[in-house]
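The values are calculated or read from the model by the stated rules, or taken from the named source; none is laboratory data. None of the values given here were measured: they were computed from a predicted structure. Cβ placement follows ideal geometry from the backbone for every residue including glycine, while neighbour counts extend to all protein chains displayed. For the accessible areas, the whole protein counts, side chains as well, though only heavy atoms, and no ligand, DNA or RNA atoms are used. Shrake-Rupley method; radii C 1.70, N 1.55, O 1.52, S 1.80 Å.
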Amino acid sequence: NFDAGRRATQHLIDLGHTKIGIVGAEQMSVDASPVLAARIDGFNAALTAAGIEQRREYSLPGMLSVADGPRSIVALANLDEPPTALFYMSDETAIGAMGEARRHGISIPEDLSIVGFDDHDLSETMRLTTMRQPVRHLGALAAERMLEASVVGPLHETVPVDLILRGSTLRPR
């Protein structure tokens, strides 16, 4: 998750974005989830390595649902200097944001580039650039580990996560 967060952010940096925000993790969720914390750490590491300041107003909460996406767009639309790119911690939140952006006259990706996370079934239809994690493989792996009597406590496995380029990212204007 650290590497995936870093790679998603690096994609936006490589396109030329310097005003990049992150959306989709309430502090309570981050505190309870090392997965979300690792994604945020990867996001911050990419910005730091590129010498880009992480602006507090570009870090928006949400509980990873479709309903949280519109709230992020409304909050950003009111900023004097909004970000040109956003990394969403889930595709569902990103998809919710894409519809709200259109209602505010914000064109994706011309005005705002968006990267999601998970490669949700609707991501291809929405042309969402996203980080694809092998969800079925992770589920099978978890079931295997649960059935192994020798495994006690947390187990950390590294699985490949791919950046899937679609139509929601572009160089900033």
Task: Binned Cα-Cα distances of the chain, short to long, each 10 Å bin given as a whole percent - done: 10, 40, 34, 11, 4, 0
- [ ] Take each of the peptides 40-51, 110-121, average the number of other beta-carbon atoms within 10 Å over its residues, and list them starting from the highest.
- [x] 110-121, 40-51
TODO: Taking amide H positions as placed in the peptide plane 1.01 Å from N, state which residues far from Leu86 in sequence (5 or more) or on other chains have amide H under 5 Å from it.
DONE: Gly21, Ser113, Ile114, Val115
Open item on the list: Calculate the FRET efficiency for Leu163 and Asp111 from the Cβ-Cβ distance with a Förster distance of 25 Å, rounded to the nearest 0.05.
Closed with: 0.70
Task: Share of carbon and sulfur in the accessible heavy-atom surface of the chain [1.4 Å probe, %] - done: 54 percent
